[in-house]
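Here the structure comes first, spelled out in structure tokens, and everything after it is commentary.
Every read-out reported here was derived from the displayed coordinates using simple, explicitly stated rules and does not represent laboratory data. Here the structure is a predicted model, which means the values were calculated and not measured. Positions of Cβ are generated from backbone atoms using ideal geometry, with glycine treated the same way; all protein chains shown enter the neighbour counts.
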Amino acid sequence: MTNLNGKVAVVTGGNSGIGYASAQKLKADGATVIITGRSAEKVQTAANDLGVTGIVADVKDLSAIDGLVEQVKDQFGKVDILFVNAGIFAPAPVGQITEEMFDHQMGINFKGAVFTVEKFLPVLNDGASIINLSSVNAYTGMPNTAVYAASKAAMNSYTRTAATELAPRKIRVNAINPGPVSTPIFAKTGMPEEQLTGFAEALQNRVPLKRFGQPEDVANLVAFLASDAASYITGGEYNIDGGINVNPLLS
Ligand SMILES: NC(=O)c1ccc[n+]([C@@H]2O[C@H](COP(=O)([O-])OP(=O)(O)OC[C@H]3O[C@@H](n4cnc5c(N)ncnc54)[C@H](OP(=O)(O)O)[C@@H]3O)[C@@H](O)[C@H]2O)c1
């Protein structure tokens, strides 16, 4: 268990999946936690379940991020841990990518992430930890993921530059690249159940550890990177993927 006593943590997209498990872990480790999401009902339900504060803010709407930062500042003062996690997976084959699909996915996964950091910067304490949730897809050529993968590759690139520029404030910026993790993200694509099951089985077979990750697996890494135990780590990327990234051709 890491010691996060006295720290304030914001988790975007904290009503579900990896964000939810991370909010739970950060709270268990002592942090005061604020979760965000785009649906008032889902955010409130999750916040009640977790015993944390929930604030609605769609990361596609920059004025909503402004409102979020204002509320957090008013209620909690400064922030020590910013987990930039909100994201969507919207697969589409090359040749069928529309401008709307591009803008939607990039708008949430990359633009939304960048402006979450931009707008929180004035209320981050020196020495804060920013953790960007990327994906192993940033490095793969998995069919139907061209824009998703590009949004995550952009995130990793942004992470490196931000780490350099924010180092004078001792703000650490790192990225996490999960492999497949069991969360509702896949069902939200609208893929029929049968196709989802086939997709999951095929993916799992490519993972050397032969299982999907659990949100709690990622949450443990988030808590470590958020803590002072990681005080010499910045500009890094951490795969948490059951080995899929090093062994993609064996099944
Ligand atoms: N699961 C995986 O296999 C996997 C692998 C690699 C990377 N990731 C990344 O992990 C992150 C978390 O995904 P997850 O798997 O935990 O999926 P998830 O359960 O669907 O959680 C995603 C969270 O982000 C929220 N969100 C989506 N769009 C938003 C917006 N415009 N504004 C604010 N919040 C928004 C979702 O809200 P709603 O509940 O309203 O949709 C939800 O709370 C994503 O960035 C994803 O790309 C996931």
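Structural remarks
- Failed criterion for residue 184 (all others in (1) outside any loop (DSSP other than H, G, I, E, B); (2) under 20 Å from the mean Cα position of the chain (by Cα) hold): (1)
- Top-ranked residue in the stretch 28-57 [being closer than 20 Å to residue 6 by Cβ and in a helix (DSSP H, G or I); ranked as farthest from the ligand (Cβ to nearest atom)]: 28
- Subset tally (residues that are among the aromatic types (Phe, Trp, Tyr) and under 18 Å from the mean Cα position of the chain (by Cα)) for the stretch 37-95: 2
- Test: residue in the stretch 170-187 that is surrounded by fewer than 16 Cβ atoms within 10 Å (Cβ to Cβ), more than 16 Å from the ligand (Cβ to nearest atom) and closer than 25 Å to residue 31 by Cα: yes
- Restricting the search to helices (runs of 4 or more DSSP H) fully inside the stretch 58-128 and requiring at least 3 residues that are touching a residue at least 40 places away in the same chain (Cβ under 8 Å) and buried (at least 17 other Cβ atoms within 10 Å of the Cβ) gives 62-76, 112-120.
- Matching residues, the stretch 48-57, being surrounded by fewer than 17 Cβ atoms within 10 Å (Cβ to Cβ) and free of Cβ contacts under 8 Å to residues at least 24 places away in the same chain: 48, 49
- Scanning the stretch 148-175 for residues that are more than 22 Å from residue 88 (Cβ to Cβ) and of a type in the set (Phe, Trp, Tyr) returns no hits.
- Within the stretch 152-169, if we keep just the residues that are small (Gly, Ala, Ser) and in contact (Cβ under 8 Å) with a residue 60 or more places away in the chain, the residue that is surrounded by the most Cβ atoms within 10 Å (Cβ to Cβ) turns out to be 163.
- For residue 5, the conditions (1) assigned to a loop (DSSP other than H, G, I, E, B); (2) of a type in the set (S, T, N, Q); (3) surrounded by 20 or more Cβ atoms within 10 Å (Cβ to Cβ) are fulfilled apart from (3).
- When we screen 139, 232 for residues that are without any contact (Cβ under 8 Å) to a residue 60 or more places away in the chain and on the phi < 0 side of the Ramachandran plot, the only hit is 232.
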